[in-house]
Amino acid sequence: MRKPQIDYAAVFRALPGMVALLTPELVYADANEDFLRLAGRTREQLLGRYIFDVFPENPNDPAAAGMRETEASMLRAVTTGERDTMALVRYDIEDAARPGHWQQHFWSPVNAPVLGADGQVELLVHRVEEVTELIRAFGSGGGDTRANVLEAELYTRARELQEVNERLRKAHAREREVVLALQAAMLPPPGPTGSHGAAVRYRPAIGALNVCGDWYDLVDLPGEALAVSVGDVVGHGLEAACAMGQLRSALSAACRVTAGPAQALEVLGLYARSVEGAASTTAATTYVNWGDHSITYSCAGHPPPALLHPEGTVTFLDRATDPPLGARPEHAPRLQARVPFTEGGTLVLYTDGLIERRTEDIDVGLARLADSLTRHRRAGPEALADALLADLLPPTGNSDDTALVVIRL
C-alpha cells in the first residue's frame, strides 16, 4: 500500500476547533479556518500581528483579567517548554463589524510549545474552545434568571481555581528563591589554584518546580594536586538541595583522606545510604596531579569529564564508570583510571543539564560539547565556561540544572 502524501498545511487549516500558531514573541504565524470563523477575523488581520493588538482587553470591564492570564499562560509555555492548560476564562471580543461593541465570551484555552531540533521553542500552539453557549445552555431550562446565576457560578468557580493556581505558583516561586539562596551559599567560588586558572558556573533550571541538587567542588590535596568533583542529586526542591549540601561536604572530606577518587566515591556511597533523598545520586571525581601531569578519575553513573588537549582534540574520561550512589545492593570497590595530560590542556566537569535533551541520544550532546570545546580551545577558563553555556544551553533556559567546572592544566 502506497504511503499517502500528507499536506500538513491543509490538515492544520481543516482541524476542527480553534487552533492558532504563534511565535515565541506571541505574534500570529497562522490560524486554522475554525479560528478565523469563530473569532470573526480574516487571516490578513492576524498574521504578523501581536495577539493582544488583535484582541485587546475589553476597556468597559475594569475587572477583566483575560488578557493578563492568557499572556502569563503563553509565556510560561514558552519559558518552560511545557504545555500550559488554563482554567475557564472570560475574554470579550470586539465586534469587527461594529467597533466599540464588545461581545461576551467564555473560553477554555491550552497553550502548547513546539520544540525545534535544538530543544528551543519555535512555535506556540494556541488551542481554544469557546464554551459561552455551553455555559448558558445549562441554565436554559429555568429562564434567564437561572441561566445568569449558573453562568456566574461557573465563572466564579473557574476564577477561584485560577487564583488557587496562582497562589501555588507564588508559593513554589518562594521555595525556589530559598533553594537558590541555599545553593549559592553551599557553592562558593573556587579558591586559589596557583597558576592554574579555574572557572565554575551554576545555572538553575527554568520554572519554579525544577530547582535540583547539582553541585561542584574543588579541594586542595597534598603536593601539587587538586580534587575536582561534580554531582547531581535526583529530585527537586529543598529536599534535593539539602541532600546536595550533605553529599558535597562528605565528598570534600573524603577526598582529603582517601588515596584516590574511587575510594572517595566508595565512602560517599556508604554515607549516601543514610541521607534522605540521596539514592541514585551521580558524581564524578578527578584528582589532578601537576607533579606527574596525570588525572586520576572515577565516575558514579555520571557523564564523563572532558579533557581538551592543547591542539584541540577532546578525550572523554569514560574508562572508570560505575552505577550511581546507592544503586548496588551491596558495597563493592569502584573503578578508577588514570590518564596523562599535556600542560596547557583543559579539564571540564559538568552535570547532565549541559548535554542532555529529552529528544536526543546522549552521544549527540557529547559531540556538541566536544565541538564547542574545540572551537573555543584558545579561550581562558572564564571565557570558555561562558562559551560552553552559550553554545549548549537553550536561550530560553534549560529544564535541568547545570553545574560546570573548567580547569586550565
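Quick notes
- Each peptide in 45-53, 246-254 was scored by the mean count of other Cβ atoms within 10 Å over its residues; highest first, the order is 246-254, 45-53.
- For the range 56-128, the orientation-averaged shadow of the C-alpha convex hull comes to 5.4 nm² (one quarter of the hull surface).
- Heavy-atom accessible surface of the range 1-128, averaged per residue, reaches 53 Å², computed with a 1.4 Å probe.
- Accessible surface of the range 240-379 [probe 1.4 Å, protein heavy atoms]: carbon and sulfur percent: 52
- Rounded to whole Å, sorted largest first: equivalent-ellipsoid semi-axes of the range 333-396, Cα gyration tensor: 22, 19, 10
- Rg/Rh ratio calculated on Cα atoms of the range 285-366 (Kirkwood radius): 1.01
- Accessible-area composition of the range 1-113, carbon plus sulfur, in percent [1.4 Å probe]: 55
- Principal axis box of the range 1-126, alpha-carbon based, largest edge first, Å: 57, 32, 25
- Exposure check, 1.4 Å probe, all protein chains in place: Trp107 carries approximately 20 Å² of accessible surface.
- Fully extended contour minus Cα-Cα distance, from Ala327 to Arg167, at 0.36 nm per residue: 53.8 nm
- Summary of packing: across the peptides 112-123, 294-305, 378-389, the per-residue average of other C-beta atoms within 10 Å ranks them, highest first, as 294-305, 378-389, 112-123.
- The relative contact order of the range 17-95 comes to 24 percent, based on Cα pairs under 8 Å that sit 6 or more residues apart.
- Modelled spin-label separation between Thr374 and Val125, with each label point placed 7 Å from Cα along the Cα-to-Cβ direction: 3.7 nm.
- Angstrom value of the Kirkwood radius, inverse mean 1/r, which spans all Cα pairs in the range 228-293: 12.2
- Note that the range 269-409 shows a convex hull volume over its alpha carbon atoms of 124 Å³ per residue.
The values are calculated or read from the model by the stated rules, or taken from the named source; none is laboratory data. Values in this document were obtained by computation on a predicted structure and should not be read as measured data. FYI the Cβ positions are ideal-geometry reconstructions off the backbone, even for glycines, and counts take in every protein chain you see. When the accessible area is computed, the model is the full protein with side chains, heavy atoms only, and any ligands, DNA or RNA have been set aside. Shrake-Rupley method; radii C 1.70, N 1.55, O 1.52, S 1.80 Å.
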